[in-house]
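The values are calculated or read from the model by the stated rules, or taken from the named source; none is laboratory data. None of the values given here were measured: they were computed from a predicted structure. Heads up, the Cβs are rebuilt from the backbone with ideal geometry, glycines too, and the neighbour counts pull from every protein chain shown. Each accessible area value is taken on the protein alone, full model and side chains, heavy atoms only, with ligands, DNA and RNA left out. Shrake-Rupley method; radii C 1.70, N 1.55, O 1.52, S 1.80 Å.
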Amino acid sequence: EDVTFVASGLFRDLYGEQMKWLDKSVLLALDGASETIKIEYPNLAELLEEALSALGELRDPGRESLSRNGIARSWVAQMLEGEFADATAARTATLRVFAPAIGQYGAGVNRLAERSGAWSNRQQIAKTYLARMGHAYGVDVNGASNQDAFAMRLRQTSQSFLGRASNLYGLVDNNDAFDYLGGLNLAIEMVGDTSPTGFVVVVSNPNKPTMPSLERAIVSEIRGRQLNPEWIQSLMPHGYAGARTMNVAFFENLWGWEVTDPGLFPDRIWEDTKSVYLDDRYEIGVSAFQEETANMPVHVNMIAIMLVAAEKGYWQTTDETIKELGERFAAAVARAGLPGSGHTRPDHPMLDW
């Protein structure tokens with residue numbers, strides 16, 4: 001079928017030639033059906049030659065059927081739909097490799113998620129993702145801004161994938177995963193009105209690759225790591241550094257995934273998070289640890305994230321739970337003040353709520 005490649009800024013810098021070859025692979029696939037296109041749509045022959053000119057000596061015209069060649073089928077459909085199809089449009093319709101602009105890094109989704117008072121709806125975040133990631137790369141194009149072409153590709157996308165080649169970091173203990181894959185899923189939802197099915201391609205063991213669903217991978221990691229008393233207890237001896245890790249390696253990223261893909265995990269995850277960290281379900285002293293003077297700013301921010309999730313409608317919980325969190329938040333702020341995070345800015349809508 002058809003595939004779109006979305007790369008990070010680091011991948012772009014390190015593997016520029018590989019990105020060109022990804023572009024060539026798309027053009028070669030189109031060329032595999034070029035003879036068929038010329039026979040069935042002779043009026044597109046000239047535009048087809050323009051689109052494939054970047055291949056140069058790699059040209060290898062073929063007679064594959066459009067029913068089997070998804071890239072060729074998509075190219076033809078896009079040309080027939082275009083009212084003013086020209087050479088530029090013909091090449092644009094082949095673009096499948098996108099990344100941030102030259103010199104830029106990140107999709108911008110994680111920074112916006114962490115500043116929850118700066119936006120009122122998820123579409124604002126999706127637009128940021130499209131703007132930052134909608135730069136095309138290929139044999140004869142190097143970071144050209146083309147958000148329309150990017151949106152066109154995403155509109156036809158039903159599945160998303162993130163490759164993981166290392167166990168050093170997970171999907172929830174850093175914000176890159178939801179920045180890229182979460183942002184991608186959100187953008188696909190915005191332009192196509194349907195959320196894609198996400199998968200994680202795990203190749204940390206090349207001899208035994210796996211591909212769990214994103215939902216399964218996320219929930220398994222949270223249950224096995226962030227909600228695991230062993231993980232929590234290993235952080236507590238480190239004082240403020242340990243408390244901060246609980247916040248940035250769990251709470252902030254749990255919120256990030258919630259914003260970008262609200263149907264990814266059930267409300268039960270939020271309930272368990274409160275039970276484990278605030279109510280000390282495992283009786284390991286984590287509540288008292290958070291309320292130590294040095295750790296209070298982190299404690300305030302953790303409660304704020306849960307309140308923001310409820311205020312924005314992502315976490316459907318009881319009035320009693322919200323009242324309890326509100327009282328605990330007010331008491332913590334009275335003691336330690338606002339920590340100055342993106343969830344506790346003085347004009348944040350959650351505070352009035």
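If the condition is being open to solvent by less than 60 Å² (accessible area, probe 1.4 Å), within 25 Å of P266 (Cβ to Cβ) and part of a helix (DSSP H, G or I), then the range 220-238 contributes E221, I222, G224, Q226, P229, W231, I232.
Scanning the range 131-156 for residues being among the β-branched types (V, I, T) and open to solvent by less than 40 Å² (accessible area, probe 1.4 Å) gives a total of 1. Would the range 106-116 turn up any residue that is surrounded by 14 or more Cβ atoms within 10 Å (Cβ to Cβ), at positive phi and out of contact with any strand residue (DSSP E or B) (no Cβ under 6 Å at 6 or more places or on another chain)? Scanning the range 106-116, I find at least one residue that is surrounded by 14 or more Cβ atoms within 10 Å (Cβ to Cβ), at positive phi and out of contact with any strand residue (DSSP E or B) (no Cβ under 6 Å at 6 or more places or on another chain), so the answer is yes. Within the range 34-65, the set of residues being of a type outside the set (G, A, S) and not in a helix (DSSP H, G or I) comprises Y41, R59, D60, P61, R63, E64. Which helices (runs of 4 or more DSSP H) does the range 264-331 wholly contain that include 2 or more residues that are charged (D, E, K, R) and open to solvent by 50 Å² or more (accessible area, probe 1.4 Å)? Correct list: 268-273. Scanning the range 33-59 for residues that are open to solvent by 10 Å² or more (accessible area, probe 1.4 Å), in contact with a Gly (Cβ under 9 Å, 6 or more places away or on another chain) and either among the aromatic types (F, W, Y) or modelled with pLDDT of 95 or more (or both) returns E35, T36. Can you confirm whether N121 is surrounded by 15 or more Cβ atoms within 10 Å (Cβ to Cβ), polar (S, T, N, Q) and under 25 Å from G340 (Cα atoms)? No, not satisfied.
When the range 205-219 is filtered for residues that are surrounded by fewer than 15 Cβ atoms within 10 Å (Cβ to Cβ), closer than 21 Å to W270 by Cα and out of contact with any strand residue (DSSP E or B) (no Cβ under 7 Å at 6 or more places or on another chain), only R216 remains.
Take the range 239-261 and flag every residue that is of a type in the set (G, A, S) and either in a helix (DSSP H, G or I) or crowded, with 23+ Cβ neighbours inside 10 Å (or both). Before the answer, list the steps.
Our first condition is that a residue be of a type in the set (G, A, S); within the range 239-261, this holds for 239, 241-243, 249, 256.
Result: A241, G242, A243, A249, G256.
Across the range 190-204, which residue is least open to solvent (accessible area, probe 1.4 Å) among those that are more than 17 Å from K127 (Cα to Cα) and polar (S, T, N, Q)? Checked the range 190-204; the qualifying residue least open to solvent (accessible area, probe 1.4 Å) is S204.
Can you spot a residue in the range 76-98 that is in contact with a Lys or Arg (Cβ under 6 Å, 6 or more places away or on another chain) and not in a loop (DSSP other than H, G, I, E, B)?
Going residue by residue through the range 76-98, those that are in contact with a Lys or Arg (Cβ under 6 Å, 6 or more places away or on another chain) are none.
For the range 76-98, residues in contact with a Lys or Arg (Cβ under 6 Å, 6 or more places away or on another chain) and not in a loop (DSSP other than H, G, I, E, B): absent.
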